[in-house]
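A short worksheet on the structure shown next.
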Amino acid sequence: MLSKPFCALLALLLATSLVACSGKAATPTPLAIAPMPSSTPMPPTPTPASVPSPTSTSAATATSTPTLAPTSTSTPIPTNTLTPTSTPRSTAPLRQVAELGTGADALAFSPDDGLLAVANPQGEVQVWDTATWTRRWTGNHNDWIRKIAFSPDGERLGSVSSDQTARLWDIETGDQIAQLDYGYWVYGLDFSADGQRWATGSFDGKVVIADARTGQAITEFEHELMVIDLDLSPNDTWLAVMTSGSYGPGRLLVWDVFTQERRVLAEFNGVAYSAVAFSPDASWLAAALGASGPITIWQTGTWPEAAQLVPPEGTVNRLVFSPNGQWLVGVVSRSEMDNRVVVWEVPTWRVVGDMKQADVVWDIAFSPDGRWLVTGLGQGVEHPPAYEGQLWETTSGRLVARMPHARQVLAVAFSHDAKLIATGSNEAVKIWEFQSLE
């Protein structure tokens, strides 16, 4: 079975096939910034017919152990035909300290770890206080939220959605600062390292860099193909964009943010997947070139090809550099029962870890020092599922702890002080206290 990036792209292929069969070209909606009315924290939500009713947004009802939210059908998760043989308990060195009354498709800790942002299956952005585990405010999209991210200064939260919008939120008040309207699903999201700009990109081929204070567009980059993923370099100089046609080709481009000079680094047959990442020191750019292609590494600036990494057979659907820049990790999926997390050392690019996963990997996150890696698992169609987060030692490949859930763990996050791990499924977000092992 396919993981979340595959499911989304499969839906895309079906949608574009219908357009092709009709003989009509899709007409993207012109990009515009919608004027945003002033809002109060946690406003009531108008419920579109296609979106399940959200949970209550009343701050008074949010506690550290609220009632679980009903399971949503808005996230493209396959129906399970098997059940776990047993429900494992969490293992040392973890202790569950809270369970939030919401599910999660995406999670993010604020830079100071005082807040946890949750994108839930009902299309809500929720922000929770990590000291009390009460909900501070709620904002709304009209469909599945693809990504959320805090600005590095902690003053803004960005979210992008299948409702064809990118939205910018004020962290303190919960007010929506701005909305960028696109002509198709929005998948790309990143903030500049100085927190002054945010970049978003859509399947309609547009990428916009906007002011993170006001939300006003600064620069727009046009692409002939759909924007699958993007990443701003940590030195705020370059924007890497992975694009793809419905059936290919895939193309990786790098834009100079200031001069708008465009460079095509790679073009390949087949569909591109969401896997493009700059190293934390901005020295390297890594990208997986298609379903069966290599992971290619470029040295930034002059852009020579530095290495080609050959992963195990399968599709690389995630690439992540460790925060300390020492490791590059790729999630490689071949089938529901053949998923691996491979670790390469930077800059020798030799394999130092290869962790066989018990089920489909939906999300992955590093501890700040790069020593620990948490994965979110679960599918359970072809075999009994592993509905859990798992904590691994990065280089030894040792499984250290399990964090059980009742459904697929779709989102995971490590706090910046390495004391907390958040794991999210459709039925709950669980918070785990982590004591590092010596």
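Annotations for the structure displayed:
- Phi to ³J(HN,Hα) by Karplus 6.51 cos²θ - 1.76 cosθ + 1.60 over the range 407-415, Hz, x for Gly, Pro: 9, 4, 8, 8, 9, 9, 7, 9, 5
- The range 139-288: equivalent-ellipsoid semi-axes (sqrt of 5 x gyration tensor eigenvalues, Cα, Å): 24, 18, 12
- Against the rule of thumb 2.2 N^0.38 Å, how large the Cα Rg of the range 205-337 comes out: 1.04
- Separation between Cα centres of the range 373-438 and the range 265-301, rounded to whole Å: 26 Å
- Note on the range 98-127 and the range 170-214: Cα centroid distance 18 Å, given to the nearest whole angstrom.
- For the range 193-293, the fraction of 1.4 Å probe accessible surface lying on carbon and sulfur atoms is 47 percent.
- Peptides 393-405, 220-232 ordered by average Cβ neighbours within 10 Å, highest first: 220-232, 393-405
The values are calculated or read from the model by the stated rules, or taken from the named source; none is laboratory data. These numbers come from a predicted model, not from an experiment. Here Cβ is always computed from backbone atoms with ideal geometry, including for glycine, and neighbour counts include all displayed protein chains. The accessibility values were calculated without ligands, DNA or RNA, using every heavy atom of the protein model including side chains. Shrake-Rupley method; radii C 1.70, N 1.55, O 1.52, S 1.80 Å.
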